[in-house]
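Structure, as C-alpha cells:
The values are calculated or read from the model by the stated rules, or taken from the named source; none is laboratory data. Please read these numbers as outputs of a predicted model, since none were measured by experiment. Here the Cβ is made from the backbone with ideal geometry for all residues, glycine too, and neighbour counts use every protein chain on show.
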Amino acid sequence: MAPTTQSHTHPIAAPGTFPGFTGPDAPSDDDLYKCVHCGFCLNACPTYLETGLEMESPRGRLALMKGVAEGRLAMTESVVGHWDMCLQCRACEVACPSGVPYGRLMEATRAEIETGFKRPLRERIGRKIGYENVLTSPKRLRWVGRAAKLYRKTGAQTVARKTGLLGILPGDQQHLDESLPELSDNFFVADGQVISAEGQRRAKVAMLAGCVMTLTHAPALEAAVRVLSRNGVEVHLSPNQGCCGALNAHAGELESARQMARRNIDSFLTAMPDAVIVASAGCGSTMKDYAELLHDDPLYLEKAERIASLTKDIHEFLIELGLRAPKASLDYTVTYQDACHLINAQRITAAPRQVLDAIPGLKRVEMPEGNVCCGSAGTYSITQKEMSLRLGNRKAANIKSTGAQIVATGNPGCALQMTSAFKRDGTDIQVRYVVELLDEAYSKETV
C-alpha cells in the first residue's frame, strides 16, 4: 500500500476539556471522518455478531475515536476496553462503502493508548517483555520456546497444575498455561540457506521464516520450501531476518514494529529476489504495508516500497507462477479456513482454493460463515480470553458442520485456534496448512 499524507488536525475539538490524541502516530482526520455511519460494518464484525452491542462494532469504536480526538471523551479504561476488544480482522473494510481504512485507524489508536493511557503494571511488564524483548530477537524467541518445551517435558507443567500453583500466582496463569501451544520438535531457523530449484529455475525468492510459526509449525515452513523448490523456485532463507512486526503493529507498538521492518528489509534485499514469499497470512499483510509503516522514514521508504511490492502470499505466488499440479491423489474431504488477513486485508480468496483443487482426489467443501474470524487474532486469545473462546467455538461448530476430515488454512494463528477448539471438545478433525497438503501429494508421486 502506498504511503498516505496524513493530517492530524481536529478542527471541531472542544478546547479545555480532554487532551485528545497527541502522539505522532495519531489517527488522521482524513481517515477518521470517512465514516458516514451507514452501519454496513455491523454484521461483518465478529464482536458485534457475538454481543449485539454498538460499542463492540467498528462504527461504535470509530465514534469513540472521534470523541477522544475532538476532546469530548477521555481515554478511560472503558473506552480503551472497547478498542482492545477489536480483533482487527478488517472484515469491516470489505463491507464499508466509504473506504474507511479501519485497520490503519485501529493501529494508530492503539499507539495512542500506549502514550496516553496507563495500563495495569502487569500488562505493562508483559508488553515490555513480549513486544520489545522477545519478538524483536529470534534467538530470545527460541530460548522461550525451549523453556516452554522443558516446562512440559520435565513434568513441571503437571506439577504446577496438580498443586494449584497456577491459581495462586498473580494474573490468569492458568489461562496462559492452557494457551501454551504444542511446539515443533525442531524449530525452523533462517540462517542464509539456499535451497535449489528442482529442474529449470523459474524464479528466485527470499522467504520469511517469521516468529511464532517457526516454533509451532516448523514442518509447514519446511513443506513450503519443498513446494517452492518442486515448482522450480530457488529459495533463499536470508540471514538476520526476524518477526515481521505484525503483532507489535496491531498492538500499537509501532516503533518496535518499524525496527523489525527495517531489519527484514535489509535481510531480504541482500538476496536480490524476484519475490519475497510469506506462508503466514498476517505476516504477508503487514509486509505489504511496510511502506505505510515507514512512510516518515526517508532512509527506508523507497526500500520499504520495493519489499512491499515484492511480497507475495505463497498461494498467490504459486498460482501466478503456474502451479505444477501433483500427479498423486489424496483421498481427503477438506474445508478451507479463510485467514482474516488473507481474505480481508490482502483480498486473496481464490488462490488457496485453486491450490487445493489442483490436488487429485481431494474433495473441497465450503464452511458456513467462512469470513467470520476464528478469534485468534495474534495475542487476542491471551488478552481477550472469553471472546476468543466464543469465536473459536463458533468456528469449530461451522467446520464440523461440513463433515470434512481436515480444515486447511494459511495462517499459524488460525491453526492454533482451531486446534485448541477441537481439543476442548474432542473433535477428531485435522488442522493442516494448504502447502502441507500439496507437499504430501508431491511426496506420493512415483519418482
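Here are a few things to note about the model shown:
- Count of residues meeting criterion [within 28 Å of Ala441 (Cα to Cα), outside any loop (DSSP other than H, G, I, E, B) and not basic (Lys, Arg)] in the stretch 357-395: 2
- Residue count, the stretch 16-57 (criterion: closer than 30 Å to Asn393 by Cβ, among the small types (Gly, Ala, Ser) and crowded, with 17+ Cβ neighbours inside 10 Å): 2
- Residue check, Gly130 surrounded by fewer than 17 Cβ atoms within 10 Å (Cβ to Cβ) and out of contact with any Gly (no Cβ under 9 Å at 6 or more places or on another chain): no
- Ala218 passes every criterion in (1) closer than 16 Å to Val134 by Cα; (2) surrounded by fewer than 22 Cβ atoms within 10 Å (Cβ to Cβ) apart from (1).
- Looking across the stretch 237-256, the residues that are over 30 Å from Cys86 (Cα atoms) and surrounded by fewer than 23 Cβ atoms within 10 Å (Cβ to Cβ) come down to Leu237, Pro239, Asn240.
- Residue tally, condition small (Gly, Ala, Ser) and more than 18 Å from Ala281 (Cβ to Cβ), over the stretch 393-419: 5
- The stretch 317-333 - residue that is under 17 Å from Tyr433 (Cβ atoms) and among the hydrophobic types (A, V, I, L, M, F, W, C) and, of those, surrounded by the most Cβ atoms within 10 Å (Cβ to Cβ): Leu318
- Selection status of Ile129, under 30 Å from Cys38 (Cβ atoms), more than 18 Å from the chain's Cα centre (by Cα), assigned to a helix (DSSP H, G or I) and not charged (D, E, K, R): no
- Cβ-Cβ contacts under 6 Å between residues 6 or more apart (or on different chains), taken from a first residue in the stretch 261-283 that is farther than 20 Å from Leu247 by Cα and outside the structural domain of Lys303 (by TED's automatic domain parsing) to a second residue that is at pLDDT 95 or above and basic (Lys, Arg), are absent.
- For the stretch 84-115, residues that are crowded, with 19+ Cβ neighbours inside 10 Å, of a type outside the set (A, V, I, L, M) and more than 18 Å from the chain's Cα centre (by Cα) total 4.
- For the stretch 266-297, filtered to residues that are touching a His at 6+ places or on another chain (Cβ under 6 Å) and within 17 Å of Ala224 (Cα to Cα), the residue that is surrounded by the most Cβ atoms within 10 Å (Cβ to Cβ) is Gly282.
- Restricting attention to the stretch 38-75, the residues being within 26 Å of the chain's Cα centre (by Cα) and among the hydrophobic types (A, V, I, L, M, F, W, C) number 12.
This table checks each residue for (1) in contact with a Cys (Cβ under 6 Å, 6 or more places away or on another chain); (2) farther than 25 Å from Phe188 by Cβ; (3) of a type in the set (Val, Ile, Thr).
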| residue | (1), (2), (3) |
| --- | --- |
| Ser280 | no, no, no |
| Met287 | yes, no, no |
| Ser309 | no, yes, no |
| Lys327 | no, yes, no |
| Leu342 | no, no, no |
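- Qualifying residue in the stretch 369-381 (condition: touching a residue at least 24 places away in the same chain (Cβ under 8 Å) and among the charged types (D, E, K, R)): yes
- The listed residue being under 28 Å from Cys86 (Cβ atoms), surrounded by 24 or more Cβ atoms within 10 Å (Cβ to Cβ), at pLDDT 95 or above and touching a strand residue (DSSP E or B) at 6+ places or on another chain (Cβ under 9 Å), out of Ile348, Ile314: Ile314
- Ala209, sole failed condition from (1) under 18 Å from Arg140 (Cα atoms); (2) among the aliphatic types (A, V, I, L, M); (3) at pLDDT below 90: (3)
Residue-by-condition table, conditions (1) more than 17 Å from the chain's Cα centre (by Cα); (2) under 18 Å from Ile343 (Cα atoms); (3) not acidic (Asp, Glu):
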{"position": "Tyr380", "(1), (2), (3)": "no, no, yes"}
{"position": "Asn393", "(1), (2), (3)": "yes, no, yes"}
{"position": "Asn398", "(1), (2), (3)": "yes, yes, yes"}
{"position": "Gln405", "(1), (2), (3)": "yes, no, yes"}
{"position": "Gly410", "(1), (2), (3)": "no, yes, yes"}
{"position": "Gly413", "(1), (2), (3)": "no, yes, yes"}
{"position": "Phe422", "(1), (2), (3)": "yes, no, yes"}
{"position": "Gly426", "(1), (2), (3)": "yes, no, yes"}
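- The stretch 214-228, residues that are among the hydroxyl-bearing types (Ser, Thr, Tyr) and out of contact with any Ser or Thr (no Cβ under 7 Å at 6 or more places or on another chain): Thr214
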